[in-house]
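Laboratory data are not the source of any read-out in this text; all were calculated from the coordinates shown. Predicted model only: the values in this text are computed from it and were never measured. Note that we place each Cβ from the backbone using ideal geometry, even for glycine, and neighbour counts take in every protein chain shown.
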Amino acid sequence: MAASQPSFSDIEHESARRTTRRSEFLNIMEEIIVWDEWIELIRPHYYSDGGRGRPAKELETMLRMYLLQVWFTLSDVGCEEACIDSYAMHSFLKLKPGDEVPDATTLANFRHMMEQDRLGELLFSSLTKCLKDGGVMYKGGTIVDATFIESTYSTKNTSKKRDTEMHQAKKGKTWHHGMKLHIGVDAGTGLPHTLTTTSANIHDLDEAHRLIRDDDVVVYGDAGYRGIKNRAEVKDDEHLSAIDYRINEMRSKIKSDTDKAIENRKSSTRCKVEHVFHVIKDLFGLRKTPYRGLAKNTERLIWAVMSVSLYLLAMANRRIDGSPLFDTT
């Protein structure tokens, strides 16, 4: 089959003096995502028209569009328009000649399918297993932490009420309203392996035991996790009670140079979890809840955390199976 003739946009893009950061990011994700595996996991849940009505959009196209929505924090309409306007995003969709960008309603229906069938959990479990089997993710140590995802106080909506699943909590002197993302990160590589979500008023300690793996022997955490060994769910569990919890002390209790050295060593390992939050909030821009309710926002966050794993892996020039991503010779 003869190659399609390049358009003026293709020629102009290829002759550009530099590659944009958006194009670089999309090229990286294009290379590292195992598209065939993800598509086959989603396919049993995808819409089948049975030969009637308008043909369904290609599953790969919808998956790519949904990922663009997650990575660039776009609404359904905003994602449709961005895919039309941006050459890099339009190219990422891999549309066939003559195909149009799926509209906002089609994207919304695909997103609802992902939320209802909780496909994010399925793919996250598959990705974590692949990372372990490929020797990319280590065993034995976990870093636990949590971050606020803010929600709006506005009542300008159909029900004229705030989101009933979002609550407020105080950290230091600052009040936060919304939800919390709790994650467990591999202490060796900094790749996330477990996550849970709660409303903002749930204490970090309440979710800590759910972030620890069965093979962990050491757990790192900030001062918010002090007292974890005294929790009933930890004391009454044979595995959890035997773990070495290396929790940072409060600054007011650090007096001697020896104490400072010990805390610095804990922090040098624990800081890896902050890289995950940095990518989610600063690169993906997911600082506020895009939807109402925990379930919808949890699905979005799962895909964001999966993408963080892949992005950090790419930055280390490794694929999921441990092989080099790019040839550096």
Taking 25 Å as R0, compute the FRET efficiency from the Cβ-Cβ separation of Thr19 and Arg287 and round it to 0.05.
0.40
For the range 54-181, shape from the Cα gyration tensor axes a ≥ b ≥ c, cut at a/c of 1.5 then a/b versus b/c, turns out oblate
Per DSSP H run of at least 4 residues, take -39500 (n - 2.57); add these up for the chain, divide by its residues and hand me the 222 nm value, nearest 500 deg cm²/dmol.
-12500 deg cm²/dmol
Exactly which trypsin sites (Lys or Arg not before Pro) in the range 263-315 are in a DSSP loop and have at most 11 other Cβ atoms within 10 Å?
none
Two pseudo-spin positions, 7 Å from Cα along C-beta at His45 and at Thr105, lie apart in nanometres by 2.4 nm
Using θ = phi - 60° and the Karplus curve 6.51 cos²θ - 1.76 cosθ + 1.60, what whole-Hz ³J(HN,Hα) does each residue of the range 199-214 get, with Gly and Pro shown as x?
5, 5, 7, 7, 5, 4, 5, 5, 10, 4, 5, 7, 9, 9, 7, 5
Distant-in-sequence amide H partners of Ala56 (H built 1.01 Å from N, under 5 Å)
Asp49
Taking θ as phi - 60°, what are the ³J(HN,Hα) couplings along the range 274-290 by the Karplus curve (6.51, -1.76, 1.60), each to the nearest whole Hz, with x for Gly and Pro?
5, 5, 5, 5, 4, 5, 4, 8, 9, 7, 8, x, 8, 9, 10, 5, x
Prolate/oblate/rounded label for the range 233-305 (Cα gyration tensor, a/c 1.5)
oblate
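Show me the trypsin sites (Lys or Arg not before Pro) within the range 66-167 that DSSP assigns to loop and that have at most 12 other Cβ atoms within 10 Å of their Cβ. Don't skip to the answer; put the middle values down first.
Numbers: sites: Lys94, Arg111, Arg118, Lys129, Lys132, Lys139, Lys156, Lys160, Lys161, Arg162; in loops: Lys94, Arg118, Lys139, Lys156, Lys160, Lys161, Arg162.
The qualifying sites are Lys156, Lys160, Lys161.
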Show the residues, 5+ positions off or on another chain, whose built amide H is closer than 5 Å to the amide H of Ile149.
Met179, Lys180, Leu181
Translational diffusion coefficient (Stokes-Einstein; Kirkwood radius from C-alpha pairs) of the chain at 20 °C, 1.002 mPa s, in µm²/s
98 µm²/s
Over the range 39-169, calculate the relative contact order: mean separation of alpha carbon pairs under 8 Å at least 6 apart, over the residue count, as a percent.
19 percent
Between helix 76-85 and the chain, what is the angle of the helix's C-alpha long axis to the longest principal axis, kept within 0 to 90° and rounded to the nearest 10?
60 degrees
The range 143-158 - phi-based ³J(HN,Hα) in whole Hz, Karplus 6.51/-1.76/1.60, Gly and Pro as x
10, 10, 6, 9, 9, 7, 10, 5, 10, 6, 8, 4, 10, 7, 8, 4
Take Leu122 and Thr158, extend 7 Å from each Cα along the Cα→Cβ direction, and tell me the distance between the two endpoints in nm.
2.7 nm
